[in-house]
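Participant: The structure's right below; bear with me while I get my questions together.
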Amino acid sequence: MPAIAETRDAVESLGQSTYKWGFETEIEMDMAPKGLTEETIRLISHRKQEPEWLLEWRLKAFQAWQAMTEPTWAKVSHPPIDFQDAHYYAAPKKKAGPKSLEEVDPELLRTYEKLGIPLHEQALLAGVELPEGEVARPPVAVDAVFDSVSVVTTFRETLAKAGVIFCPISEAVREHPELVRRYLGSVVPVADNFYAALNSAVFTDGSFVYVPKGVRCPMELSTYFRINARNTGQFERTLIVVEDGASVSYLEGCTAPMRDENQLHAAVVELVAMDDASIKYSTVQNWYPGDEHGRGGIYNFVTKRGACRGDRSKISWTQVETGSAITWKYPSCILQGDGAVGEFYSVAVTNNHQQADTGTKMIHLGRNTRSTIIAKTISAGHSDSTYRGLVRMMPKAAGARNFTQCDSLLIGDQCGAHTVPYIESRNLSAKIEHEATTSKISEDQLFYCRQRGLSEEDAVGLIVNGFCKDVLKELPMEFAVEAQKLLQISLEGSVG
Amino acid sequence: MNAIAPAGVSAAAFLDRYTGGDGNATRAQAADLLRRAGLPRTGVEAWKYTSLRTLADIPFAGAPAQADGVAVEALLADAVRAYDLDADLPRAVLVNGRFAPDLSRLPDGLSVTRFAAGADLTAHGDVASALNALLAEDGLTLTVAPGVDAGRMMLLSVVVAPDGVALSVHPRHRIVLGAGARLSVLDLSVGRGDYLNNPVLDVLVAEGGHLIHAKLQTEDPAARHLAVVHAEVGADASYDSFTLTLGAALARHEVHARLKAEGGIVHVNGAQLLDGRQIADLTSVITHAAPSCNSRQTVKNVLTGHARGVFQGKILVERVAQKTDGYQMNQALLLSDHAEIDAKPELEIYADDVRCSHGATVGALDADQLFYLRSRGVAGEEARAILVKAFLHDAVELMGDEALRAVLNRAVETWWTRKDA
C-alpha cells in the first residue's frame, strides 16, 4: 500500500518538530497520510481489522457527508476548515496490543500521570501512600484515549465480574459485534448532521459500555481524551447501553497541548437507556482554548444524544465546558419511554476569544416524561457564549413537563452572552416553563467579599462558583472539586 | 436531512407585476432580493416556524380600480358595531390598499400626505418589507408637529377581493412624531375574500414623543396578512404597541424596533387568538442601541382547533447600551389536542451592565383553577371563559390608551363568543 511510505514520512517529520511548550508527549506515532478520501476510510478500517459491515457503514456515512455542507446556524465564526489538511488516524506505535499496564509505553503513562489520571489501579487498590496533600480517591475505571486510539482500560476484571463490559469500542467491535451492530448509529444516525457524519466515517476509537439487566455498575467509569499529535483531528465514538433496571455513572475529561493551530475534535456519544435504567454522563471539557489573542485552540464540534427507550428510564447530562476555542455541542435526550426523565446541567465558561454555542434538546415523545435544564453561562474577555436549546412536546407526550433555567453572567464589557431557546408544544396537557436572566456580577457582592479581605480575583471566583452551584452539585464529588478549580483558572486575567 | 441552505419558493407571481421602469433603487433592490432568495420557507432561520410556500401557487393580482362599494360599507359598519368603535373618531380609510378620501375623516393636529409613487420607500432588509417595496402604490404619512398632542385616530384597511380573484395589496405607511408630540392610533384591518394584505409601517418618534399603536387584525379567515413595523425611537420617547391577531389563515406581524437614544421605551405586546387551521406569527427584534433604555414585551397565545401560534422575540443589546432594562414574557394556552405553539424568545447581549430576562410558559388551563371555580358554582364553559380572559388580561391591560384598550377587550369578547358559535 503506497500509504505506508507517506505514513513513515509523516512520522519522521513529526519526530523532527520541536515543541515550544511542554506537555507534549514525544512518542512514535503511526499516522495516516493527510486528507480524507474513501482510501483513508478503508485504511482506518483495515488498520483496526474491522469487519466488512462496519466498513460499509463508514462508507455510507462518508457518502452522506460529502453531500452535506457545514452548519452555519450557530453563533460562532471561524475560518473555513480544510478537511483535507488533517490526519484522520494517529496512533501511538506499538508492537502488539497492550495486555496490561506493563506493556503500555511508559511515555504515555507519564503523560496521563502528569494529567492526574489514575491509570495505576494497582497502586490505588493497594492504597499505597499518596504524596502529601493528595486525597485518596474512590476507585474509578478509566479508558484512556490518546489521539485516535484507546491506550489502556483499567479495572476490567472487577467490572467483568459484575457483568459490565467496559472497553475500547474497536475491541467491542471484535468481541461483541452483535451489541455494537445493534446499537451503533441507532441514536445518532450516520447522516444526522455534518460533524456526526464525518465522525461516523472516520471514528477511530472511543469507549463502549454495556451494563446488563439489573446491574448497578460497581464504580464510576471514566474516559480520558487527549489530543497529542499535530495536524490530527480526534474523532472518538462512545456508545453506552444500559439494560433494564441497570445504572451507570460515566465521566469524561479532555485536554490537548497548547498549539497555535486549530485542531478539530468531532466526537459522537450515543446513550441507550432501557426500562428503569439510568445513565449519568458527566463531562469536564478542558481542551486547549487558544491563547489570549485567540490563536490556536480546539474546535470542539460534538454530537451527544441519549435515547430513553424504556419506561421510567433516566439520562442526565452534566457538563462543565471551560476549554476549546469553539464549542458546538448540544447533549440531548429523546424521551421515548413513558415517565422517562431527561436532565441537562451545564456550566459554560468563555474567556479571551473563545466562542461557545451549547445547550440541549429535550424531545418528549412518551407520556409523563419530564425534563430539567439548568444552564449557566459565563462570558469574560472578548468571548461570546450562547445557550441554544430545544424543548419539544410531541402530540403523544401527555402530562409531560419541562423546566428550563438559563442564567448568563457577563464579566467585562467586551464579551457577549446570548440565549436562544426553542419551545415547541403539540400537546395540550404538556407543561413548559422557561426562564432566563442576564446580568453582571453584583457590585454589592463584590464589595462584600473585598471588604472581608478577598482579592478581587478570589472574590469573582467565589461568586462565580456560587452562580454555578446548581450545576456543580450534580457532578460526582472528585469531578466537582476539579471543576471548581477549572472555573477559577479559566477566568484568570478577566478581572481588573 | 442535509444542511444545504434551502432556497425559498418562487416569488414570480409578484415579480411579474414589477415593471422596473420607475428607476427607484429601493424597489430594484427588493426585486433583486426576491429574485435571489425567493419567499422564505422554514429553512430560513428568521422564518423557522412560518413558511410562505403556499403563497407561491397563487396568481395574486393588483387591486382593480374600483372596489365593491357596498361590501366595503358593510365591512366598515360591521367593525364599528362589533368593536363599538367611536363613530366620531377621526379616521383614515384605505380600500384595497388605496387611500379612500370619501370614507375618511382626517384629524386636525396632524398632516396627512399620500405616498408618492415610490419616492417615500425606506429600504429594509426583511422579505415582507421587500415584497411591499416591490409593489407599494399607496399609503399615508401621518406627521405630528413637535409638541402637538394629536389625540386619537383610526387607520382602517378594508380589502374586498372580487369573487374568484386573489388580490395582493401592499400599502406603505409612515408615522412621524416630532419632539414631544403625541398620538394614539387604532390600526384595524378587515376584509372579504381571497387576498394578501402586506402593509409596512415606518415609525419615527423624536425626543420625548409618545406613540401608541393598537393594532387589531381581523382579516377574512381565508386571507393572508404579512405586516412589518419598523420603529425608531429617540431620547425619552416611546413606542407603545399592542397587536391583537384574530383573523387570516396565515398571518405574520413583524416588528423591528430600535432604541437609538437614551431613555427610550419600547413596548411590543400582543395576543394571538386562533382556531380552525389558522397560523399566526408574531416576530420582533428590539434593538437597544443606546444606554438606559427600557423594553417590555408580553405576548399571549390562545390556541384551539388545529391552530398554530408562533412567537419569535429577540432583544439585542449592543455594546454601547449599558444600563439596559429588557423584559420579555410569552405564554401560550393550548385549548385543544391539536393546537401547536412554537416559541423562540431570544436574548443577544453585548453589554455587561444590563438587566435582561425572559420567561415562557406553555400549558393547558389549570385543573385546580377550574375546580376552584366549579366548587363556587361556575359551570365548565363559563369557568373556561373566565380563565382564558384572565390569562389575556395581563397583556391587554398593558395598552396605555384606555379607549383603545376597551376596543381590544371587546375584540377578545367577540372572538370568544364567535368561537363557541
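The values are calculated or read from the model by the stated rules, or taken from the named source; none is laboratory data. Note that the structure is a prediction, hence the values are computed from the model and not measured. Cβ coordinates were reconstructed from backbone atoms using ideal geometry, including for glycine residues, and neighbour counts include every protein chain displayed.
Participant: Looking at this structure, is A:ALA307 surrounded by 24 or more Cβ atoms within 10 Å (Cβ to Cβ), assigned to a strand (DSSP E or B) and modelled with pLDDT under 95?
Facilitator: On the way: surrounded by 24 or more Cβ atoms within 10 Å (Cβ to Cβ): yes; assigned to a strand (DSSP E or B): yes; modelled with pLDDT under 95: no.
For A:ALA307, the condition - surrounded by 24 or more Cβ atoms within 10 Å (Cβ to Cβ), assigned to a strand (DSSP E or B) and modelled with pLDDT under 95 - is not met.
Participant: Within the range B:324-334, how many residues are surrounded by fewer than 18 Cβ atoms within 10 Å (Cβ to Cβ) and touching a Ser or Thr at 6+ places or on another chain (Cβ under 7 Å)?
Facilitator: Result for the range B:324-334: 1.
Participant: Could you list, in sequence order, the residues of the range B:290-323 that are surrounded by fewer than 24 Cβ atoms within 10 Å (Cβ to Cβ), closer than 26 Å to A:THR386 by Cβ and either facing another protein chain (nearest Cβ under 9 Å) or hydroxyl-bearing (Ser, Thr, Tyr) (or both)?
Facilitator: If the condition is that a residue be surrounded by fewer than 24 Cβ atoms within 10 Å (Cβ to Cβ), closer than 26 Å to A:THR386 by Cβ and either facing another protein chain (nearest Cβ under 9 Å) or hydroxyl-bearing (Ser, Thr, Tyr) (or both), then B:SER292, B:THR298, B:LYS314, B:ARG319, B:GLN322 are the ones that fit.
Participant: Based on what the data block shows, is B:LEU52 surrounded by 12 or more Cβ atoms within 10 Å (Cβ to Cβ), touching a Pro at 6+ places or on another chain (Cβ under 7 Å) and not assigned by the TED database to the domain that holds B:GLU346?
Facilitator: Considered against the rule, which asks whether it is surrounded by 12 or more Cβ atoms within 10 Å (Cβ to Cβ), touching a Pro at 6+ places or on another chain (Cβ under 7 Å) and not assigned by the TED database to the domain that holds B:GLU346, B:LEU52 comes out as yes.
Participant: I want to confirm something. Restricting to the range A:20-63 and keeping residues that are in a loop (DSSP other than H, G, I, E, B) and small (Gly, Ala, Ser), which single residue is modelled with the lowest pLDDT?
Facilitator: Filtering the range A:20-63 for residues that are in a loop (DSSP other than H, G, I, E, B) and small (Gly, Ala, Ser), the one modelled with the lowest pLDDT comes out as A:GLY22.
Participant: Which one is farthest from the chain's Cα centre (by Cα), of the residues in the range B:237-256 that are among the aliphatic types (A, V, I, L, M) and crowded, with 24+ Cβ neighbours inside 10 Å?
Facilitator: Selected residue: B:ALA237.
Participant: Quickly run through the range B:92-116 and pick out the residues that are among the basic types (Lys, Arg) and under 12 Å from B:LEU142 (Cβ atoms).
Facilitator: B:ARG114
Participant: Given the conditions (1) within 9 Å of another protein chain (Cβ to nearest Cβ); (2) not in a strand (DSSP E or B), and given that A:ASP444 satisfies all but one, which numbered condition is not satisfied?
Facilitator: If we test A:ASP444 against (1) within 9 Å of another protein chain (Cβ to nearest Cβ); (2) not in a strand (DSSP E or B), just (1) comes out false.
Participant: Which condition number does A:ASP470 fail, the rest of (1) in contact with an Asp or Glu (Cβ under 8 Å, 6 or more places away or on another chain); (2) part of a helix (DSSP H, G or I); (3) more than 14 Å from chain B (Cβ to nearest Cβ) being met?
Facilitator: Failing condition for A:ASP470: (1).
Participant: Counting only residues that are free of Cβ contacts under 8 Å to residues at least 60 places away in the same chain and assigned to a loop (DSSP other than H, G, I, E, B), which one in the range A:360-375 is surrounded by the most Cβ atoms within 10 Å (Cβ to Cβ)?
Facilitator: Only one residue tops the list, namely A:THR360.
Participant: Ok, one more. Go over the candidates B:THR141, B:THR122 one by one and state the one that is at pLDDT 90 or above and either part of a loop (DSSP other than H, G, I, E, B) or out of contact with any Cys (no Cβ under 7 Å at 6 or more places or on another chain) (or both).
Facilitator: One residue alone meets the criteria, B:THR141.
Participant: Mind counting the residues in the range A:393-429 that are more than 7 Å from every other protein chain (Cβ to nearest Cβ), part of a loop (DSSP other than H, G, I, E, B) and farther than 25 Å from A:LEU491 by Cβ?
Facilitator: Number satisfying all stated conditions: 8.
Participant: Ok, one more. Just the residues that are away from every other protein chain (no Cβ under 14 Å) and either assigned to a strand (DSSP E or B) or under 29 Å from the mean Cα position of the chain (by Cα) (or both), please, taken from the range B:371-386. Show your work before the answer.
Facilitator: Step one: filter the range B:371-386 for residues away from every other protein chain (no Cβ under 14 Å), giving B:371-383, B:385-386.
Residues satisfying the conditions are B:ALA385, B:ILE386.
Participant: Just to be sure, is B:ASP368 acidic (Asp, Glu), out of contact with any Gly (no Cβ under 6 Å at 6 or more places or on another chain) and at the interface with chain A (Cβ under 9 Å from one of its Cβ atoms)?
Facilitator: On the way: acidic (Asp, Glu): yes; out of contact with any Gly (no Cβ under 6 Å at 6 or more places or on another chain): yes; at the interface with chain A (Cβ under 9 Å from one of its Cβ atoms): no.
No, not satisfied.
Participant: Among the residues in the range B:275-289, are any at positive phi and touching a residue at least 24 places away in the same chain (Cβ under 8 Å)?
Facilitator: Scanning the range B:275-289, I find at least one residue that is at positive phi and touching a residue at least 24 places away in the same chain (Cβ under 8 Å), so the answer is yes.
Participant: Right, here's the next one. Across the range B:349-380, what is the number of residues that are at positive phi and among the acidic types (Asp, Glu)?
Facilitator: The qualifying residues number 0.
Participant: Quick one: B:ALA360 ticks every box in (1) facing another protein chain (nearest Cβ under 7 Å); (2) surrounded by fewer than 23 Cβ atoms within 10 Å (Cβ to Cβ) bar one, so which box is it?
Facilitator: Of the numbered conditions (1) facing another protein chain (nearest Cβ under 7 Å); (2) surrounded by fewer than 23 Cβ atoms within 10 Å (Cβ to Cβ), the odd one out for B:ALA360 is (2).
Participant: If you go through the range B:28-73 one residue at a time, how many are assigned to a loop (DSSP other than H, G, I, E, B), more than 14 Å from every other protein chain (Cβ to nearest Cβ) and closer than 17 Å to B:ASP126 by Cα? If you could, list the steps in order and put the result at the bottom.
Facilitator: Here is the first cut: in the range B:28-73, the residues assigned to a loop (DSSP other than H, G, I, E, B) are B:38, B:40-44, B:48-52, B:58-60, B:62-68.
Filter once more, keeping what is more than 14 Å from every other protein chain (Cβ to nearest Cβ): B:38, B:40-41, B:51-52, B:58-60, B:62-68.
Then keep just the ones that are closer than 17 Å to B:ASP126 by Cα; that gives B:38, B:40-41, B:51-52.
The qualifying residues number 5.
Participant: For B:ASN409, all conditions in the list (1) among the polar types (S, T, N, Q); (2) within 7 Å of another protein chain (Cβ to nearest Cβ); (3) without any contact (Cβ under 8 Å) to a residue 24 or more places away in the chain hold save one; what is the number of the exception?
Facilitator: Single failed check for B:ASN409: (2).
Participant: Something else: Does the range B:343-352 contain any residue that is more than 30 Å from B:THR42 (Cα to Cα) and surrounded by 23 or more Cβ atoms within 10 Å (Cβ to Cβ)?
Facilitator: Yes - at least one qualifying residue is present in the range B:343-352.
Participant: Give the range A:335-358 a look and list any residue that's surrounded by fewer than 23 Cβ atoms within 10 Å (Cβ to Cβ) and under 22 Å from A:TRP73 (Cα atoms), or say none.
Facilitator: A:HIS353, A:ASP357
Participant: Are any residues in the range B:313-344 farther than 30 Å from B:GLY276 by Cβ, aliphatic (A, V, I, L, M) and under 25 Å from the mean Cα position of the chain (by Cα), and if so, which ones?
Facilitator: Correct list: B:ILE315, B:LEU316, B:VAL317.
Participant: Considering only residues that are farther than 12 Å from A:GLU321 by Cβ and among the hydrophobic types (A, V, I, L, M, F, W, C), look in the range A:376-390 and name the one that is surrounded by the most Cβ atoms within 10 Å (Cβ to Cβ).
Facilitator: In this case the residue turns out to be A:ALA380.
Participant: Can you work out which of the residues in the range B:380-410 that are in contact with a Ser or Thr (Cβ under 7 Å, 6 or more places away or on another chain) and crowded, with 18+ Cβ neighbours inside 10 Å is farthest from B:LEU303 (Cα to Cα)?
Facilitator: Checked the range B:380-410; the qualifying residue farthest from B:LEU303 (Cα to Cα) is B:ASP401.
Participant: From (1) more than 17 Å from A:SER385 (Cβ to Cβ); (2) in contact with a Cys (Cβ under 9 Å, 6 or more places away or on another chain), pick out the condition that doesn't hold for A:PHE479.
Facilitator: Unmet for A:PHE479, out of (1) more than 17 Å from A:SER385 (Cβ to Cβ); (2) in contact with a Cys (Cβ under 9 Å, 6 or more places away or on another chain): (2).
Participant: Looking at (1) facing chain B (nearest Cβ under 9 Å); (2) free of Cβ contacts under 8 Å to residues at least 24 places away in the same chain, which one does A:ALA436 not meet, given that it meets all the others?
Facilitator: It is condition (2) that A:ALA436 fails.
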